[in-house]
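Below: one structure, written as structure tokens.
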Amino acid sequence: MDTLIRTFSNAQTSREGYQLAQTLSPDLPQQQLQAIWKSCGHHDAQNFIKRGIQNSTSGFEKLPKDEVQGWSDVYLAYWKAIGELLPALNQAPQSSWTKVYDAWKELLSALYRGYIGQGFEAWSIPCLYVVAKNLRIFALKADEERNNNVAAGDTSGQIFQDDFDPESEQHQKLEDCARQLNRIFTLCLNDRAPLEESRKWGIYYIINLLFKTYFKLNSASLSKNILKTLSAYRGDMPPLSAFPKSQQVTFKYYEGVLCFLEENYVQAEEHLTQAWSLCHKDAMKNKELILTYLVPCHLLTTHTLPSQKLLEPYPRLQKLFLPLSNCIKRGELHAFDLALLQGGDEFVKRRIYLTLERGRDIALRNLLRKVYLAGGFEEPKVEGGPRVRRTRIPVDEFVAAISLGSKKAMERDEVECVMANMIYKNLMKGYIARERGFVVLSKSGAFPGTGV
């Protein structure tokens, strides 16, 4: 504890927020955590910590009484949390990640009270980062532990009631964690201090934690409320570009994914492209996550497919996208359906199934384009004149191509309906002359975006 208080004193003297935050980390070596826990007992912990903080800050500008009390409460809560954490790390009997979570929540509450009424300054905001981030980690561990106990038949923690919903109990602590993070979000957002010394500088880190939590809870729609609130306060906020790049990348990624889920693919592509360009070149996991949504966006907005070179560093993405890409390029409808079926579980898990399913239209367009190209050229009207591609193509040729491509017999009316839909979507230009049984295609750009 003496070492911890010395670090606290040095951080206060130099106003180093990240150094101060390390004194509240649960990721210290176990020996060090053990030393902190054994440095005092339950009967004297409060006075011991308070006296240590008072003595450590007496050599420079003295901390106000309220702030000393605030930090004493914080470190007492941290000490108690270590007392629950050590047995859980060592899997001791009677230990529980739920107890760790509850103790760590008390630590976050002590910090919250310090910022609200005990004069904690904004330079110490990294303390909130460390404590809030680990609260989420402990919530996940507590829920996992509880679900494992329930699966093993231990229901001692449950309340018996007629309308008990086991689904709603699966993420009990994570849902509570989301509520705690929301309090911190409001704490940062509502700070009225000048920007140089405002808690608003902590807001994007907390927002990103909230996004991660909401997505884990499968409640992505709640993230939209955060964006709406942020938009309302935008005039009082520092620009996003003033925040660390890591926070910008994470925020832009989630903003892009939210637009993607709303089927606003143009905006999704814009946000995800920004995240991609800001992402560190060695952050391969993050780049893979961004590409998971950016590739389907490009497929729908520009009808372009990922190259082998782009996907080469990402074996998982190659497995996901290359089979579909090859089918789309070759216009193989049946193979596309099989590839979509085989990767279906993974596509659904990543929320990209419905978007990739629309890629079938691009595969169909490429198949129809092959029919058009196979039709060859019309005889020039003037000898030696330029050759013009045949633009009047019998519907039966398209019927044969689609039936072969999908390995399913198609009626002529069905094919006409499919082609009318393709014309409506601007994937091909022309019209259907039903009386004569022909499709008349445009002489210039029959298949927009393909150069044909």
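The values are calculated or read from the model by the stated rules, or taken from the named source; none is laboratory data. Not measured: the values here are computed from a predicted model. Cβ atoms come from the backbone with ideal geometry, glycine included; neighbour counts cover every protein chain shown. Keep in mind that these areas ignore ligands, DNA and RNA; they rest on the heavy atoms of the full protein, side chains included. Shrake-Rupley method; radii C 1.70, N 1.55, O 1.52, S 1.80 Å.
Things to note:
- Here is the figure for the stretch 4-29: residues that are surrounded by 13 or more Cβ atoms within 10 Å (Cβ to Cβ) and not in a loop (DSSP other than H, G, I, E, B) total 16.
- If you filter the stretch 91-101 down to residues that are free of Cβ contacts under 8 Å to residues at least 12 places away in the same chain and within 14 Å of K141 (Cα to Cα), you find that the one that is surrounded by the most Cβ atoms within 10 Å (Cβ to Cβ) is S95.
- Selected residue (criterion: farthest from I393 (Cα to Cα)) from residues of the stretch 435-452 that are without any contact (Cβ under 8 Å) to a residue 24 or more places away in the chain and open to solvent by 70 Å² or more (accessible area, probe 1.4 Å): G451
- Qualifying residue in the stretch 45-53 (condition: of a type in the set (S, T, N, Q), open to solvent by 20 Å² or more (accessible area, probe 1.4 Å), without any contact (Cβ under 8 Å) to a residue 12 or more places away in the chain and outside any loop (DSSP other than H, G, I, E, B)): yes
- Count - residues of the stretch 272-296 that are open to solvent by 20 Å² or more (accessible area, probe 1.4 Å) and either touching a residue at least 40 places away in the same chain (Cβ under 8 Å) or part of a helix (DSSP H, G or I) (or both): 11
- Within the stretch 401-452, considering residues that are in a loop (DSSP other than H, G, I, E, B) and of a type in the set (D, E), the one modelled with the lowest pLDDT: E435
- Test for D345: is it surrounded by 12 or more Cβ atoms within 10 Å (Cβ to Cβ), assigned to a helix (DSSP H, G or I), within 32 Å of the chain's Cα centre (by Cα) and of a type outside the set (A, V, I, L, M): no
- Annotation note: Cβ proximity below 7 Å between a residue of the stretch 11-25 that is free of Cβ contacts under 8 Å to residues at least 60 places away in the same chain and under 21 Å from W79 (Cβ atoms) and a residue that is assigned to a helix (DSSP H, G or I) and open to solvent by 70 Å² or more (accessible area, probe 1.4 Å) (sequence gap 6+ or interchain) occurs for Q19/N10.
- Residue in the stretch 87-94 that is closer than 27 Å to I207 by Cβ and at pLDDT 90 or above present: no
- Residues of the stretch 401-434 that are farther than 20 Å from H303 by Cβ and either open to solvent by 50 Å² or more (accessible area, probe 1.4 Å) or of a type in the set (D, E) (or both): L404, K407, K408, A409, E411, R412, D413, E414, E416, C417, Y431, R434.
- Qualifying positions in the stretch 333-361 - touching a residue at least 60 places away in the same chain (Cβ under 8 Å) and over 13 Å from F321 (Cβ atoms): L333, H334, D337, R351, D361
- Residue in the stretch 353-363 that is open to solvent by 20 Å² or more (accessible area, probe 1.4 Å), of a type in the set (A, V, I, L, M, F, W, C) and in a helix (DSSP H, G or I) present: yes
- Residue in the stretch 300-315 that is in contact with a Lys or Arg (Cβ under 8 Å, 6 or more places away or on another chain), in a helix (DSSP H, G or I) and not basic (K, R) present: yes
- Looking only at the stretch 250-269, and only at residues there that are crowded, with 17+ Cβ neighbours inside 10 Å and of a type in the set (D, E, K, R), the one that is nearest to T302 (Cα to Cα): E269
- One residue stands out in the stretch 54-78 among those that are modelled with pLDDT of 85 or more and in contact with a Gly (Cβ under 8 Å, 6 or more places away or on another chain): the one that is surrounded by the most Cβ atoms within 10 Å (Cβ to Cβ), namely W71.
- The residues of the stretch 231-248 that are free of Cβ contacts under 8 Å to residues at least 40 places away in the same chain and part of a helix (DSSP H, G or I), listed by number, are S231, A232, R234, G235, D236, L240, S241, A242, K245, S246.
- Any hit, the stretch 367-379, residues being touching a Leu at 6+ places or on another chain (Cβ under 6 Å), over 27 Å from Y253 (Cα atoms) and part of a helix (DSSP H, G or I): no
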